[in-house]
Amino acid sequence: MLPRTIDWVDGRIVMVDQTALPQVRVVPAASVDELVDAIRRLVVRGAPALGVAGALGVALAVRTLTGPALYAAIDRLAAARPTAVNLAVGVRRARAALPGGPDAVLAAALAVRDEDIAACRAIGARGADLLAELCGPGPLRLHTHCNAGALACVEWGTALGVVRSLHEAGRVAYVVADETRPLLQGSRITAVELTETGVPHRVVVDGAGPSIIARGLVDAVVVGADRVAANGDTANKIGTYPLALAAARAGIPFLVACPESTVDPATPDGGAIVVEERAAEEVLVVGGTRTAPAASEAWNPAFDVTPADLVTAVVTERRVWRPAP
Ligand code: MRU
């Protein structure tokens, strides 16, 4: 069994190092700077897990820092990655407990962790029911992108939480998992989770996803989200939008599964979402070897925004929200 994605053990944060997967390695963060570095390098990643990391990071900070240094560290933590709103939400939750002292901050951070676990279970069950309503009882052929599984949360997962809930009921035929260039969260992380859970799956290159849908090989697309704007526009890993277009064209549901903490009422629409631009080397260098000419440059947006009218429903722990008019 995979270890828990992120937790608090003996006064420090421990995380599954997601840059090493499929090799399983657990690493500590003993300071905020170590944690910020881990977040930037995607040692810990996925919107809900980032929320927990942010909250636990404040618990770590308040044990080691005081005064302006404490607040500067908290600000660095909140800004470590810009798109997943959960990071700032988790930091804010724990920061609000500062007047109560270190134990109160830790209690607030552990509550963020525990709420995420409960939310994922509820999202999984609700998403499974919704897919039964939209597609029939199955077994269903599902398509997902990136990793919105246990390793993107604390346990269970959001999009893969829906898959797990359906699989428990014997209602999954197979999952198509996009490999998810450039960092391969699909082939390295989602495929590990699906293998461990015993879900039949095929990994495909990202460019194959839309045509696999067009060929009628998929009943529904289910993905996670890094931020859902107030109007339902949804930011998720780059390569999600083409799946939404293909799903709309094929007339199959496109579900976004995420906790309420990913829905950001302060972001009016997708145009207001900051899309993280990552290092060009992630695209130009493969397995340590530069594959493009030395003179080539790259664009490496880590996320895209799917307009609300392509989203059949956003499934959270509290509701099924159909943002399209
Ligand atoms: O860059 P990452 O790996 O943090 O991107 C993660 C995703 O895009 C996930 O789909 C999203 O955070 C939802 S996780 C439940």
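The values are calculated or read from the model by the stated rules, or taken from the named source; none is laboratory data. Predicted model only: the values in this text are computed from it and were never measured. Glycine also receives a Cβ, built like all others from the backbone with ideal geometry; neighbour counts cover every protein chain displayed. Please note that ligands, DNA and RNA were not included when accessible areas were found on the heavy atoms of the full protein model with its side chains. Shrake-Rupley method; radii C 1.70, N 1.55, O 1.52, S 1.80 Å.
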Practice problem: Identify the trypsin sites (Lys or Arg not before Pro) of segment 187-271 meeting these criteria: DSSP loop state and at most 11 other C-beta atoms within 10 Å of the C-beta. | Solution: 215
Quiz item: Ranked highest first by the average count of other Cβ atoms within 10 Å around their residues, in what order do 96-104, 111-119 fall?
Solution: 111-119, 96-104
Quiz item: Quick one: Cα centre-to-centre distance for segment 75-109 and segment 193-209, in angstrom?
Solution: 34
Quiz item: Taking K and R as +1 and D and E as -1, what net charge do the other residues with C-beta under 9 Å from the C-beta of residue 232 add up to?
Solution: -2
Quiz item: What full-extension length gain, to one decimal in nm, is calculated for residue 33 and residue 230 as 0.36 nm per residue of separation minus the Cα-Cα distance?
Solution: 67.7 nm
Exercise. Would you give the gap between the C-alpha center of segment 22-37 and the C-alpha center of segment 156-170, rounded to a whole Å?
Key: 28
Practice problem: Would you mind counting up the charge near residue 184? Only other residues with Cβ under 13 Å from its Cβ, with Lys and Arg at +1 and Asp and Glu at -1. | Solution: 0
Quiz prompt | Under 14 Å, Cβ to Cβ, from residue 204 - net charge with Lys/Arg +1 and Asp/Glu -1 | solution = +1
Quiz item: Under the rule of -39500 (n - 2.57) per DSSP H run of 4 or more residues, summed and divided by the residues of the chain, what mean residue ellipticity at 222 nm is obtained, to the nearest 500 deg cm²/dmol?
Solution: -11500 deg cm²/dmol
Quiz prompt | By average C-beta atoms within 10 angstrom, highest first, the peptides 46-52, 194-200 | solution = 46-52, 194-200
Practice problem: Return one number: the angle in degrees, 0 to 90 and rounded to the nearest 10, between the long axis of the Cα atoms of helix 47-64 and the longest principal axis of the Cα atoms of the chain. | Solution: 10
Self-check item: Simple spin-label estimate for residue 195 and residue 291 in nanometres, 7 Å along Cα-Cβ
Solution: 2.0
Practice problem: Compute the relative contact order of the chain as a whole-number percentage, counting only Cα pairs closer than 8 Å that sit 6 or more residues apart in sequence. | Solution: 16
Exercise. Arrange the residues 133, 276 by how much accessible surface each exposes, largest first, with a 1.4 angstrom probe.
Key: 133, 276
Quiz prompt | the chain: angle of helix 159-168 to the longest principal axis, Cα-based, in degrees nearest 10 | solution = 60
Quiz item: Residues of segment 281-325 with amide nitrogen under 20 Å from the 7 Å Cα-to-Cβ point of residue 129?
Solution: 312-323
